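Notes follow the structure.
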Amino acid sequence: MSASCEFGFDHVERLSDGRGMFEHAEGVNRREEHGYCTDDNARLLVVTSRVPDIGPAHRLGRLALRFVLDAQDTDGRFHNRMDRSGRWTDEVSNEDCWGRSLWGLGVAAAHHADPAIRRRARGGFDVGARQRSPWSRAMAFAALGAADVLASDPGHAPTRELLVDALSVIGPIPGGAWSWPEARLTYANAALAEAVIAAGDALDSPSDLDRGLAMLGWLLDLETPFGHLSVTGVGGRGPGDRGPMFDQQPIEVAAMADACWRAHAVTGDRSWLRGVIAAAAWFDGSNDIGLQMHDDQSGGGFDGLQPDRVNLNQGAESTLAFISTMQRAGDL
């Protein structure tokens, strides 16, 4: 892992207490009044499971796993919102927090250095994998975790069934110039392509693998029209829309880095590395307004790229997106 990423965990520590990682920040200071989010703690489980189990990652990985497992209901669904006192403020669901939790648990079950963590994560994953979601993003996030679990346990039928169902929910690419399974790009777009790539590879399905690679190639070309990454803004993007678009969110960039990293890992084609490189460069200022999207002093990631400035708040999602992207770039 890169030195930048190690430094980034210092800010994660700043955003965390003994219960979990707080969602929002004002500048570098956590905003405890907004509470915690399972989505973010699941992302934290992903990034801490990719690295050696030492230093800040040792404590933070266990913190994230405990939070995610505490969020899980006995039927496999998850809470997403907890207030500063530790009280869940929402009902359990099979929406994005379910998918992201299965992503985090799947990565930890397959890759964490500690066998005890792998066992606990696998237990939570197996319970969650009984559920399904009608939402494509939730199913895509779940598929990312499922692909890692299936790679480590090829005979696990429930995981294989989850991947098949995720491919069905994401759907085919329509004909024509808009080579995407949705009428409009929304958020974490590259995660859909990565999920199809991962599922196609895990299920040994060349047609699905090719579909995912086609989706990713189309998206990467669409979002690098100016020689640098210019991701879809928060308002989404349809066939007639032109960039650059704002606000641009670090989660889009991290999803692109993850997807291109996986495409390279699966195919061995080094041309996919241009997406990882472009994502890391986006954080360093190779973006539509030429401003750096991370704080050298704190190690945090800034919350959004706007038409004329940077949102200097350093919340959980943006900081973890920065760390994740630097991890992928450090693997090149």
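Structural remarks
- Segment 292-322: number of residues that are under 20 Å from Val46 (Cβ atoms), touching a Phe, Trp or Tyr at 6+ places or on another chain (Cβ under 7 Å) and not in a loop (DSSP other than H, G, I, E, B): 5
- So Ser179, is it surrounded by fewer than 22 Cβ atoms within 10 Å (Cβ to Cβ), over 20 Å from the mean Cα position of the chain (by Cα), small (Gly, Ala, Ser) and part of a helix (DSSP H, G or I): no
- The number of residues in segment 29-45 that are surrounded by 17 or more Cβ atoms within 10 Å (Cβ to Cβ) and in a loop (DSSP other than H, G, I, E, B) comes to 1.
- Scanning segment 205-248 for residues that are under 20 Å from Thr325 (Cβ atoms), part of a loop (DSSP other than H, G, I, E, B) and in contact with a strand residue (DSSP E or B) (Cβ under 7 Å, 6 or more places away or on another chain) yields Val231, Thr232, Met245, Phe246, Asp247.
- Residue match in segment 289-308 (condition: farther than 24 Å from His24 by Cβ and either open to solvent by 10 Å² or more (accessible area, probe 1.4 Å) or under 20 Å from the mean Cα position of the chain (by Cα) (or both)): yes
- Residue satisfying all of: in segment 182-204; in a helix (DSSP H, G or I) and of a type in the set (Val, Ile, Thr); farthest from Trp261 (Cα to Cα) among these: Val196
- Criterion (of a type in the set (A, V, I, L, M, F, W, C) and part of a loop (DSSP other than H, G, I, E, B)) met by exactly one of Ile277, Ile251, Ile289: Ile289
Table: residues versus (1) touching a helix residue (DSSP H, G or I) at 6+ places or on another chain (Cβ under 9 Å); (2) at pLDDT 95 or above; (3) within 18 Å of Gly299 (Cα to Cα); (4) not basic (Lys, Arg).
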| position | (1), (2), (3), (4) |
| --- | --- |
| Glu6 | yes, no, yes, yes |
| Asn29 | yes, yes, yes, yes |
| Glu32 | no, yes, no, yes |
| Thr48 | yes, yes, yes, yes |
| Arg62 | yes, yes, no, no |
| Phe67 | yes, yes, no, yes |
| Met82 | yes, yes, no, yes |
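- Test result for Thr48, open to solvent by less than 50 Å² (accessible area, probe 1.4 Å), over 12 Å from Arg19 (Cα atoms) and out of contact with any Pro (no Cβ under 7 Å at 6 or more places or on another chain): yes
The values are calculated or read from the model by the stated rules, or taken from the named source; none is laboratory data. No experiment lies behind these values; they were computed from the predicted model shown. Note: ideal-geometry Cβ built from the backbone for every residue, glycine included; neighbour counts use all protein chains shown. All accessible areas refer to the heavy atoms of the entire protein, side chains included, with ligands and DNA or RNA removed. Shrake-Rupley method; radii C 1.70, N 1.55, O 1.52, S 1.80 Å.
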